[in-house]
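What follows is a short report on a single structure.
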Amino acid sequence: MSSVLLIRLFPFVCPQSIAGDRRLRHALFANPRTVPVSVTTSSPASPASAAPRATADAPSHVAPTQAELLEFVRRAAADHDLVASLPLDPEGRTWVRLDGPGGSEAWLIGWPPGTGTGWHDHADSVGAFLTASGELKENSLAARLPTDGWKTLELSEDVDRERALGPGRGRAFGRHHVHEVLNESPTEHAVSVHAYYPPLPQIRRYSRTGQILRLEAVERPADWQ
């Protein structure tokens, strides 16, 4: 059954910044160091020498699917040396860019205890992410929002979804997926792998009070240049 989204207009609320995410997005658009990812996995039924590679070995004009992005982040997260190479900072998130498949934008991200993204979407990009270590929580909306022409929405009561994502657990998502990702542990870091295609053209940021969702800002690559 599809969810119902009730829309009401409210006065616009001035944008509010989320400092940690702004630092992250600044890094995303600031020509960061790119790490090629070549991941092999093994199991009793599949020797490592025969395992597929989670890397963009050659340029491709075929857009990666959500399933392919999810497979990429799964294999990258299984590379223990890659995950262990990420410096962790108790004061804020850390990240390094990965060489994603088919021209996708991919990231290895470290989450200190108590950090999160705030509510946002990734515009026209599809994506996938998966927890490599620790545990993340995703809160999301099971309804597609109008892309333009609104500042405030009243959500129906049945749109909220929650996922606990421990090591090896993740998800793929489609265009305009609205969510927030949190590390709610009081003591433990989490590390995750993320991939988006096409590379993020913008992020829409929201605040939320109860069932009221407000569009606070639209951020684009030029905002960090």
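Points worth noting:
- Scanning the stretch 133-148 for residues that are open to solvent by 20 Å² or more (accessible area, probe 1.4 Å) and either outside any loop (DSSP other than H, G, I, E, B) or among the acidic types (Asp, Glu) (or both) yields Ser133, Glu135, Lys137, Asn139, Asp148.
- Top-ranked residue of the stretch 90-101 - restricted to ones that are open to solvent by 10 Å² or more (accessible area, probe 1.4 Å) and assigned to a loop (DSSP other than H, G, I, E, B), ranked as farthest from Ile203 (Cα to Cα): Pro90
- Lone qualifier among Leu153, Leu82 - being in contact (Cβ under 8 Å) with a residue 40 or more places away in the chain, surrounded by 15 or more Cβ atoms within 10 Å (Cβ to Cβ) and not in a helix (DSSP H, G or I): Leu153
- Filtered by the rule that a residue be in contact with a Phe, Trp or Tyr (Cβ under 7 Å, 6 or more places away or on another chain) and surrounded by fewer than 23 Cβ atoms within 10 Å (Cβ to Cβ), the stretch 67-79 gives no residues.
- When Pro32, Pro87, Pro113 are screened for being at pLDDT below 55 and surrounded by fewer than 19 Cβ atoms within 10 Å (Cβ to Cβ), only Pro32 passes.
- Of the residues Glu219, Glu188, Glu162, the single one that is more than 20 Å from Leu98 (Cβ to Cβ), at pLDDT 95 or above and in contact with a strand residue (DSSP E or B) (Cβ under 8 Å, 6 or more places away or on another chain) is Glu162.
- Filtered by the rule that a residue be in contact with a Lys or Arg (Cβ under 8 Å, 6 or more places away or on another chain) and open to solvent by 10 Å² or more (accessible area, probe 1.4 Å), the stretch 172-201 gives His176, Leu182, Glu184, Pro201.
- Subset tally (residues that are in a loop (DSSP other than H, G, I, E, B), more than 21 Å from Leu200 (Cβ to Cβ) and of a type outside the set (A, V, I, L, M)) for the stretch 156-178: 7
- The lone criterion from (1) under 16 Å from the mean Cα position of the chain (by Cα); (2) open to solvent by 30 Å² or more (accessible area, probe 1.4 Å) left unmet by Ser104 is number (2).
The values are calculated or read from the model by the stated rules, or taken from the named source; none is laboratory data. The shown structure was predicted, so the numbers you read here are calculated from the model rather than taken from an experiment. Methodologically, a virtual Cβ is constructed for each residue, glycine included, from the backbone with ideal geometry; neighbour enumeration extends over all protein chains shown. Note: accessible area is taken over every heavy atom of the protein model, side chains too, but ligands, DNA and RNA are not part of it. Shrake-Rupley method; radii C 1.70, N 1.55, O 1.52, S 1.80 Å.
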